[in-house]
Amino acid sequence: MKTYLTLFIVACQSFVALAQDGDNKTPYLTKSLAGDVISSVIVSTSAGGISVSGATGQQPRVEVYIQGNNGRKLSKEEIAKRLEEDYDMSISVNGHELSAVVKNKHNFTNWRESISISFKIFIPENVSTELKTSGGGITLDHLIGNENFNTSGGGLLVSHLSGMIHGRTSGGGIDVSNSGEDIDLSTSGGGIIAKNCSGKIRLITSGGGLILEGLKGDITAHTSGGGVEGNNIEGELVTGTSGGGIDLKHMRCSLEANTSAGDLDAQMDEVGKYVKLNASSGGIRLRLPANKGLDLKLSAERINDEIASAFKGEWNKTHVDGSVNGGGIPVNAHADSYMDVKIN
């Protein structure tokens, strides 16, 4: 519960900041894209968020939202004056490429003098993106293509994407759902929530916990700043943390899990090609199905057991070396503290 609560708070902070970049406000400028065939989108801004949506039923367009960097509302006249004096902003379509770019004419010595320029873009779903901002969050949904996005000042909110998905943030959390093929997301400033995704998945954070649910494929997920919660994983999962415990339920996969900061709980409904577990400063609770051939190598300060009747080999208080149902799938686990093992 503590892991979930901490990650929830971090995620809310990140995505509230993202929502403030343009939701429920009147755009300063709207550019219609009706009649344009867009296959790629390039956006670059500072101190503002970016949203790109390919959901059906929307009129293709670009909306620009502008406010003072301190959150103060500005009049259209004041915005126009600041744009003229301090920024170059261009929105254009050339060769099926939509470009929305903001450049500062000079470096601001007082951040309160700068403004936040955010973009919300509505386009057909078959689009690739290159998005960059240093001062806001990024949202993408219902897109098919190669999506590359980077922010150092906000969270990433990703849903219903298909293709190459590559995102980075150093200032917020990540929420990815209902997406697939090739997902590579990382943050150094928040937690990661990943739900209902498939394919090759890589999730890295040094600033929060991991919540993994309903994932299928080749999955790598690591954190050095929180715990790991997993549920209903298929395929292969390699995960680890140096900042919390690991709690994995309803695993139907090959599994490698390591923690140096807490206990490790793994419930294996089905075992894939292997199981490798290590808890260097805590204990392990391991549940294994009894209907599989397993080769067990287990060690801990104290091992509690519910031994399957089909086990053969050495099983004592600190060490297990043997097989179940004639052997087969390797199961290796080490805990510096206790180990509770059930095979049933």
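Tabulated data
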{"quantity": "Accessible carbon and sulfur surface of the chain relative to its total accessible area, %, 1.4 Å", "calculated": "48 percent"}
{"quantity": "At 1.306 mPa s and 10 °C, Stokes diffusion of segment 260-344 via Kirkwood alpha-carbon radius, µm² per second", "calculated": "128 µm²/s"}
{"quantity": "Modelled FRET efficiency - R0 25 Å, A290 with K200, Cβ distances, 0.05 increments", "calculated": "0.20"}
{"quantity": "Mean separation of Cα contacts under 8 Å (6+ apart) over length of the chain, as relative contact order %", "calculated": "11 percent"}
{"quantity": "Efficiency of FRET from Cβ geometry, L29 and Q58, R₀ 25 Å, rounded to 0.05", "calculated": "0.90"}
{"quantity": "Calculated P(r) of the chain - Cα pairs past 34 Å, %", "calculated": "37 percent"}
{"quantity": "Helix 76-86 axis, angle to the chain major axis (alpha carbon atoms, nearest 10°)", "calculated": "80 degrees"}
{"quantity": "Net length gained if the chain between H96 and M164 were fully extended (0.36 nm per residue, minus Cα distance)", "calculated": "22.5 nm"}
{"quantity": "Debye log10 I(q)/I(0) for segment 153-192, one point scatterer per Cα, at q = 0.20, 0.33 Å⁻¹", "calculated": "-0.52, -1.10"}
{"quantity": "For T139, distant residues with modelled amide H under 5 Å away", "calculated": "I50, S51, V52, L157"}
{"quantity": "Over 20 Å between alpha carbons, listed pairs K31/K73; K312/K342; K200/K342; K195/K292; K249/K292; K195/K276", "calculated": "K31/K73; K200/K342; K195/K292; K195/K276"}
{"quantity": "Dimensions in Å of segment 25-158 - Rg and Dmax from alpha carbons", "calculated": "14.5, 44"}
{"quantity": "Rounded tilt (10° steps) of 2-19 against the dominant C-alpha axis of the chain", "calculated": "10 degrees"}
{"quantity": "Rg ratio (alpha-carbon, reference 2.2 N^0.38 Å) - segment 78-146", "calculated": "1.31"}
{"quantity": "Fraction of the pair-distance distribution of segment 147-231 above 23 Å, Cα-Cα pairs, percent", "calculated": "9 percent"}
{"quantity": "FRET efficiency estimate (nearest 0.05) - Cβ-Cβ, E181 to E77, R0 51 angstrom", "calculated": "0.60"}
{"quantity": "Percentage of interatomic Cα-Cα distances in segment 100-204 larger than 17 Å", "calculated": "52 percent"}
{"quantity": "Using distinct alpha-carbon pairs, which all enter the 1/r mean, Kirkwood radius of segment 181-264 in Å", "calculated": "12.1 Å"}
{"quantity": "Amide H within-cut-off set for S224, under 5 Å, with H built and near neighbours excluded", "calculated": "T205, S206, G207, G208, S242"}
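The values are calculated or read from the model by the stated rules, or taken from the named source; none is laboratory data. No experiment lies behind these values; they were computed from the predicted model shown. Cβ: placed from backbone, ideal geometry, glycine included. Neighbour counts: every protein chain shown. Note: areas computed on protein heavy atoms with side chains; ligands, DNA, RNA excluded. Shrake-Rupley method; radii C 1.70, N 1.55, O 1.52, S 1.80 Å.
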